[in-house]
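A.B. asks: Structure in structure tokens, see below.
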Amino acid sequence: MMNDIGDTDGAREAQVEVKDLVKHFAQRGGFLGRNPRVVRAVDGVSLKIAHKRTLGLVGESGCGKTTIGRCILRLIEPTSGEVHFEGVDVLGLSGRQLRRMRRDMQMVFQNPYSSLDPRMSVLSIVGEPIQTHLSLSHSEMRDRVVELLEQVGMSGDHIYRYPHEFSGGQLQRIAVARALALNPKFLVLDEPTAALDVSVQAQVIAKLVELQQDLNLTYLFISHNLTLVHYVSDTIAVTYLGRIIEHASSEAIFDNPIHPYTQALLSATPSLDRELRQQRVILTGGVPDPVNPPPGCVFHPRCSRAKDACRQEEPRLVNAGDGHMVACHL
Ligand code: SF4
């Protein structure tokens, strides 16, 4: 099903546009792999992000958020759909054109402990993309790495150190410096603080917000933490089982969530307000198996407001007013 996305970003032109993105993975199953299964990780996602804006992609683990980000950057190939960056058909590129496009679109991964090679110095980690894509001398490359480290709030003296000598927050800053090495325009930030101590999460987020302003960056910010997404995002898309089920401005999602799943996610955020805590909606069960999604509304097995139509007909993403898009029969 195609989830059409409304223009919740005013009249701003989209820098990144995704249309009806699908990613299915084939999985071996049954005796001698005779019954292959199809995992529907992403099932018809459309979204737009305007220049210098942040779209937050939020949902539980296993909802396809990371797969959407990886498909946009072609770190994995989508099954079908369209991805456009500044009007260029990204899925139609190959060879040199694709390598050139990758300079503009980079990703920061969730876990810096595993995304950075422990055998490489900071100079090699951050300098690697510079050496691969730009013809700079060693001293020019070294100067650029020092500049990048300072940009992310670290000392240039750290270039000859190795990953084990840094804290998690410092490692994620190094990962951000590497992502910025080729002066990208668009970053996919995949749970960039999920592996960090709470005490350093705020510092890393503040640095990402500052870098966006200074370098005119566009972000796709992926997280399961709705409060964090609300803080950094201009618009928010809520994902469930590979689909977008609600999409609106950050304020609208927080002040007036319409979809029962978004309401449940919001009510689960920690609050000091006793009344709010008592109104909590507790989601039962887990996200259904993407190999065999439920018929009708994929959220119906967990929805306390499900009615007969919900079990038969999949709701389309429609405009509930002011570009607030929601996929729910209610
Ligand atoms: Fe719940 Fe029905 Fe809305 Fe799905 S369509 S979220 S089951 S009310």
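The values are calculated or read from the model by the stated rules, or taken from the named source; none is laboratory data. Small disclaimer: the values here were computed from a predicted structure and weren't measured. Don't worry about glycine lacking a Cβ; one is built from the backbone with ideal geometry, like all the others, and counts go over all protein chains shown. Keep in mind that these areas ignore ligands, DNA and RNA; they rest on the heavy atoms of the full protein, side chains included. Shrake-Rupley method; radii C 1.70, N 1.55, O 1.52, S 1.80 Å.
A.B. asks: Across 20 Å bins from 0, what is the distribution of all Cα-Cα pair distances for the chain, in whole percents?
C.D. replies: 30, 55, 15, 0
A.B. asks: So with the 1.4 Å probe, I'd like the accessible area per residue for segment 19-89, rounded to whole Å².
C.D. replies: 46 Å²
A.B. asks: Given M120, G242, N225, which one lies farthest toward the positive end of the charge dipole of segment 118-255, if we put +1 on the Cβ of every Lys and Arg and -1 on the Cβ of every Asp and Glu?
C.D. replies: M120
A.B. asks: Could you please tell me the mean projected area of the C-alpha convex hull for segment 30-186, averaged over all directions and given in square nanometres to one decimal?
C.D. replies: For segment 30-186, the mean projected area of the Cα convex hull comes to 12.5 nm².
A.B. asks: With angles folded into 0 to 90 degrees, how steeply does helix 138-151 sit against the dominant principal axis of the chain? Use alpha carbons for both and round to 10.
C.D. replies: Here the helix axis deviates by roughly 50 degrees.
A.B. asks: Hey, another quick one. Counting Lys +1, Arg +1, Asp -1, Glu -1, what net charge surrounds L330 among other residues with beta carbon under 9 Å of its beta carbon?
C.D. replies: It works out to a net charge of +2.
A.B. asks: Ignoring ligands, DNA and RNA, what percent of the accessible area of segment 198-330 is carbon or sulfur (1.4 Å)?
C.D. replies: 50 percent
A.B. asks: Counting only other residues whose beta carbon sits under 15 Å from that of S114, what net charge do I get with K and R as +1, D and E as -1? Please list the in-between numbers first.
C.D. replies: Details: positive: R119, R178; negative: D117, D190, E191.
Surrounding charge for S114 is -1.
A.B. asks: Out of all DSSP beta bridges with both ends in the chain, state the antiparallel percent to the nearest 5.
C.D. replies: 60 percent
A.B. asks: Nearest 0.05, what FRET efficiency do E313 and R37 give at R0 = 25 Å with Cβ-Cβ as r?
C.D. replies: It comes to 0.50.
A.B. asks: Here's something else I'd like to know. At what distance in nm do the modelled label points of R100 and A268 sit from each other, each positioned 7 Å from its Cα along Cα→Cβ?
C.D. replies: About 4.5 nm, to one decimal.
A.B. asks: Compute the helix-to-body angle for 168-180: its Cα long axis versus the longest principal axis of the chain, expressed 0 to 90° and rounded to tens.
C.D. replies: Roughly 80 degrees between the two axes.
A.B. asks: Beyond a 20 Å Cα-Cα separation, which of these cross-linked pairs lie in this structure: K23/K307; K23/K65; K65/K307; K23/K185; K19/K307; K19/K48?
C.D. replies: K23/K307; K65/K307; K23/K185; K19/K307
A.B. asks: For D104, D308, give me the order by solvent-accessible area with a 1.4 Å probe, most accessible first, ignoring ligands, DNA and RNA.
C.D. replies: D308, D104
A.B. asks: Using only the alpha-carbon atoms, how far is helix 122-133 inclined from the longest principal axis of the chain? Give it as 0 to 90 degrees, nearest 10.
C.D. replies: Taking the Cα atoms of the chain, the angle to 122-133 is about 80 degrees.
A.B. asks: Once you have the Cα-Cα distance between H51 and F25, take 0.36 nm times their residue separation minus that, and quote the gain in nm to one decimal. Can you show the working numbers first?
C.D. replies: Numbers: separation 26, 0.36 × 26 = 9.36 nm, distance 3.13 nm.
Separation in residues times 0.36 nm, less the Cα-Cα distance, equals 6.2 nm.
A.B. asks: Let me ask something additional. Report, by chain and number, residues whose modeled amide H sits under 5 Å from the one on N256, excluding near sequence neighbours (fewer than 5 apart, same chain).
C.D. replies: Those lying under 5 Å, H to H, from N256: there are none.
A.B. asks: I'd like to know how segment 218-260 sits against the 2.2 N^0.38 Å rule of thumb: what's its Cα Rg over that expected value?
C.D. replies: 1.07
A.B. asks: How much accessible surface does K307 have with a 1.4 Å probe, in Å² rounded to 10?
C.D. replies: It works out to around 90 Å².
A.B. asks: If each DSSP helix of 4+ residues adds -39,500 (n - 2.57) and the sum is divided by the residues in the chain, what number results at 222 nm, nearest 500 deg cm²/dmol?
C.D. replies: Computed mean residue ellipticity for the chain: -9500 deg cm²/dmol.
A.B. asks: Expressed in whole Å with the largest first, what are the equivalent ellipsoid semi-axes of segment 187-330 derived from the C-alpha gyration tensor as the square root of 5 times each eigenvalue? Kindly include the intermediate steps, with their values, before the conclusion.
C.D. replies: Numbers: eigenvalues 165, 64, 47 Å².
They are 29, 18, 15 Å, listed from largest to smallest.
A.B. asks: Further question on the same structure: List the residues whose amide H sits under 5 Å from the amide H of L21, counting only those 5 or more places along or on another chain, with H placed 1.01 Å from N in the peptide plane.
C.D. replies: G44, V45, S46, E82
A.B. asks: Another question about this same structure. Amide H of R53: which non-local residues (sequence gap of 5 or more, or other chain) have their own amide H closer than 5 Å, using H built in the peptide plane?
C.D. replies: Hits under the 5 Å cutoff: Y219.
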